[in-house]
Amino acid sequence: PVLKDKRVRQALLLGIDRETLVKQLVDGKFPVAHSWVNPMDPGYDPNVTKYPFDVARAKSLLDQAGFKPGAAGIRVNAAGQRLSLEYMTTAGNKLRELIQQVLQNQWKQIGVEAVIKNVPARTYFGETLKKQQFTALAELAWSSNPEEPPTNTLATSAIPNAENNFGGANYSQFSDPTMDRLIGEVQRELDPAKRKPLWAQMQKIYTEELPVLPLFFRTDVYVVPKWLTGVVRPGKLPSNYYGQETWGVR
């Protein structure tokens, strides 16, 4: 429930030093994400709101949200509720578990306690996420194709529930009428010039509301033999398509 206040969500993102995170864990190979839209995507808005690492601003937002410094450095509200958040991901995924440890330490600096509780991937993606069996934070990865609207991750219709047989991947249960309208419009609009402002508006909503805290864009490595020609650069094609009909032998 404390995460319903967007000031708390914004403070959490301000409390993450993502530049240092990717530098230490992956030698800076993963670019920091400021929304779910990759800078390589035509819909990316370079003017999107950004949340640089700012401990003072994060603390100020938590103060405004009613959470004051308490015992052992963990903030509490007027009712005495500690700002302690369960933080889940897939057990055994070393990178995700390292990220958890880094964020746990960084959030402690702003008075937020993150309690790590991981489960196997089969359980996590099968029951935990779809049936909302997590109480606060859940870490995972998204994948999308170029110019693919966030229908399955940010639309109200994609919130898993019994009526849709727990389909969809809107695990944060984000529901915004304007976002829903924009997703529908960008699906129907074919003119690139008219699509651009629709994408900008969606990213503006996302970065204001922060239903998901963006960390980074994962970099995948593709190894291509010298004799193989016609392989289109990754990132320019749908994620499950490799363009084999353009391949040739040097």
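Given the condition of a type in the set (A, V, I, L, M, F, W, C) and free of Cβ contacts under 8 Å to residues at least 40 places away in the same chain, answer yes or no: does some residue in the stretch 41-60 qualify?
Checked the stretch 41-60: at least one residue is of a type in the set (A, V, I, L, M, F, W, C) and free of Cβ contacts under 8 Å to residues at least 40 places away in the same chain.
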| Do we find a residue being of a type in the set (Val, Ile, Thr), within 30 Å of ARG7 (Cα to Cα) and touching a helix residue (DSSP H, G or I) at 6+ places or on another chain (Cβ under 7 Å) anywhere in the stretch 167-181? | yes
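To keep it simple, each residue is scored yes or no on (1) of a type in the set (Ser, Thr, Tyr); (2) modelled with pLDDT of 95 or more; (3) open to solvent by 30 Å² or more (accessible area, probe 1.4 Å).
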| site | (1), (2), (3) |
| --- | --- |
| THR90 | yes, yes, no |
| ALA114 | no, yes, no |
| ALA141 | no, no, yes |
| ASN145 | no, no, yes |
| PRO150 | no, yes, no |
| So which of ARG82, ARG57 is basic (Lys, Arg) and in contact with a Leu (Cβ under 9 Å, 6 or more places away or on another chain)? | ARG57
| note | The residue that is surrounded by the most Cβ atoms within 10 Å (Cβ to Cβ), considering only those in the stretch 70-79 that are touching a Leu at 6+ places or on another chain (Cβ under 9 Å) and under 10 Å from VAL112 (Cα atoms), is ARG75
| task | Taking LYS236 as the residue in question, decide whether it is open to solvent by 30 Å² or more (accessible area, probe 1.4 Å), within 24 Å of ALA33 (Cβ to Cβ) and at pLDDT 95 or above. | result | no
| Does GLN187 fit the bill of being touching an Asp or Glu at 6+ places or on another chain (Cβ under 7 Å), open to solvent by 80 Å² or more (accessible area, probe 1.4 Å) and at negative phi? | no
| Filtered residue count, the stretch 125-165, keeping only those that are among the polar types (S, T, N, Q), part of a loop (DSSP other than H, G, I, E, B) and without any contact (Cβ under 8 Å) to a residue 24 or more places away in the chain | 3
| message | Anything in the stretch 123-132 that is open to solvent by 70 Å² or more (accessible area, probe 1.4 Å) and either among the aromatic types (Phe, Trp, Tyr) or modelled with pLDDT of 95 or more (or both)? List them, or say none. | response | PHE125
| message | Looking only at the stretch 190-208, count every residue that is part of a loop (DSSP other than H, G, I, E, B) and either open to solvent by less than 70 Å² (accessible area, probe 1.4 Å) or in contact with a Leu (Cβ under 9 Å, 6 or more places away or on another chain) (or both) and tell me the total. | response | 1
| request: Using the structure shown, decide if LEU103 is closer than 25 Å to PHE217 by Cα, assigned to a helix (DSSP H, G or I), open to solvent by 60 Å² or more (accessible area, probe 1.4 Å) and touching a residue at least 60 places away in the same chain (Cβ under 8 Å). | output: no
| query | Just checking, which of ASP41, ASP45 is among the acidic types (Asp, Glu) and modelled with pLDDT under 95? | reply | ASP41
| message | Against the condition more than 16 Å from the chain's Cα centre (by Cα) and in a helix (DSSP H, G or I), how does ALA114 come out, does it pass? | response | no
| request: Filter the stretch 209-223 down to residues that are surrounded by 11 or more Cβ atoms within 10 Å (Cβ to Cβ) and of a type in the set (Val, Ile, Thr) and give me whichever is farthest from VAL26 (Cα to Cα). | output: VAL212
| remark: Just one listed residue, out of LEU13, LEU25, LEU62, is open to solvent by 10 Å² or more (accessible area, probe 1.4 Å), of a type outside the set (Lys, Arg) and part of a helix (DSSP H, G or I), and it is LEU25
| said: Being buried (at least 19 other Cβ atoms within 10 Å of the Cβ) and under 22 Å from GLN109 (Cβ atoms) is the filter here; which residues of the stretch 34-51 pass it? | reply: HIS34, TYR51
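The values are calculated or read from the model by the stated rules, or taken from the named source; none is laboratory data. Everything quoted here is computed from the prediction, not taken from an experiment. Note: ideal-geometry Cβ built from the backbone for every residue, glycine included; neighbour counts use all protein chains shown. Ligands, DNA and RNA are stripped out before the accessible areas are found, and what is left, the full protein with its side chains, is counted by its heavy atoms. Shrake-Rupley method; radii C 1.70, N 1.55, O 1.52, S 1.80 Å.
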